[in-house]
Amino acid sequence: MPRSFLSEIVAVFGHPVAENPTQAMQEAAFQALGLPFRYLTLDVPPGKLADAVTGLRAMTFAGANCTIPHKLAVIPLLDEITPAAAKIGAVNTIVRQPDGRYLGENTDGKGFIRSVVEAGLTIPGSKAVVFGAGGAARAIAVELADAGAAAITLVNRTASRGAELAGLVRERTGVSTTFVEWRGDYAVPSDTQVVVNATSIALFPNVNDRVALDASTLHPGMLVCDVIPNPPDTPFLKEARAAGATTLDGLGMLVYQGTIGFEMWTGQPAPADVMRRALEEVFG
Ligand code: NDP
């Protein structure tokens, strides 16, 4: 019986990208299901992204992830992007279609949504507070709005960035979105159901940095989430637990944005537990 040595290739394009842990998570999942897929970590400088996408097409990769600084620049290089990626204005996942065209999707916010729903949050009609106005905050706010959140408050240090994002979410989703400039310890309104740190505060190595909020305004009726995957148990989540709130770490979002990509590339249900364990090993 002749055997095929061909593999389906998926890669992450980024710069710098050496410390991106996605390869460990996706390779563990491919191996667990015995699939002929490989996942490569590829350092692609900004000026070479178009060549990288040409290479992906020539070698018929099954797909790719894009990370800093390529999430916006890749859009014009693709054949099509999903409505969600268009609303968010960024692509983190590329998927080869059956006709050979390449589709861009954004799974960051969807991964977040999967993790909060699994944690028991009912999104329709909920009120959310999101700290930050960068790429992660943008994906989370748009997906919360599309999933039926009633109102979103964006809290950000740089007023221009926060106000711009609030305007974009309002305009593209129709959901009431207000911006609050972050000065001192923010008091979370008591009718909030979900509070999200979508800033880079407490990302390794700055593991002791705190999200400036008045923890006495958190309560057991709130789900408090952090996007920081490394280390996953942040000072913000510790303060929230001490206030009696339910907490959710950033590993959930990272795993679920990866499971969505895995399912789009392979057509198989992703082994989320295997993927989470692989990340936990990477982060020690
Ligand atoms: P950006 O650089 O686009 O945005 C960073 C945001 O953090 C900005 O709003 C910035 O505010 C704010 N910020 C940073 N430091 C401080 C500070 N000391 N005080 C107040 N605000 C601060 O980053 P991303 O949005 O792309 O990523 C944010 C984090 O999300 C990263 O740590 C990343 O690791 C994580 N992430 C996690 C994912 C997951 O799956 N778990 C997926 C994607 C990202 P300002 O506008 O004022 O500068």
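Summary table below
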item	result
For the range 20-81: accessible area per residue (Å², 1.4 Å)	48 Å²
Peptides ranked, highest mean first, by Cβ atoms within 10 Å: ranges 118-127, 192-201	192-201, 118-127
Farthest toward positive dipole pole in the range 109-248 [+1 Lys/Arg, -1 Asp/Glu at C-beta], among VAL129, PHE112, SER190	PHE112
Simple Cβ-charge dipole of the range 106-236, Lys/Arg +1 and Asp/Glu -1, about Cα centre, in debye nearest 20	220 debye
Low-density loop positions, chymotrypsin sites (Phe, Trp or Tyr not before Pro), the range 157-232 - DSSP coil, at most 13 other Cβ in 10 Å	none
Three-way shape call for the range 188-258 based on the alpha-carbon gyration tensor, with the a/c threshold at 1.5	oblate
Rounded to 5, percent antiparallel among DSSP beta bridges of the chain	15 percent
Relative contact order %, the chain, counting alpha carbon pairs below 8 Å whose residues are six or more apart	16 percent
Per residue value of the accessible surface for the range 166-223 (all protein chains in place, 1.4 Å probe), Å²	51 Å²
20 Å Cα cut-off, lysine pairs counted over the chain (separation 8 or more, or different chains)	5
Percent RCO, i.e. relative contact order, over the range 109-248, from Cα pairs under 8 Å lying at least 6 residues apart	22 percent
Reciprocal mean inverse distance between Cα atoms of the chain - Kirkwood radius, Å	19.5 Å
Percent accessible area from carbon and sulfur atoms, the chain, protein chains only, probe 1.4 Å	55 percent
Three semi-axes of the equivalent ellipsoid, the range 109-248, Cα gyration tensor, whole Å, largest first	21, 17, 14
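The values are calculated or read from the model by the stated rules, or taken from the named source; none is laboratory data. Please read all numbers here as calculations on a predicted model, not as lab measurements. Here Cβ is always computed from backbone atoms with ideal geometry, including for glycine, and neighbour counts include all displayed protein chains. Protein only, heavy atoms only, side chains kept; ligands, DNA and RNA dropped before computing areas. Shrake-Rupley method; radii C 1.70, N 1.55, O 1.52, S 1.80 Å.
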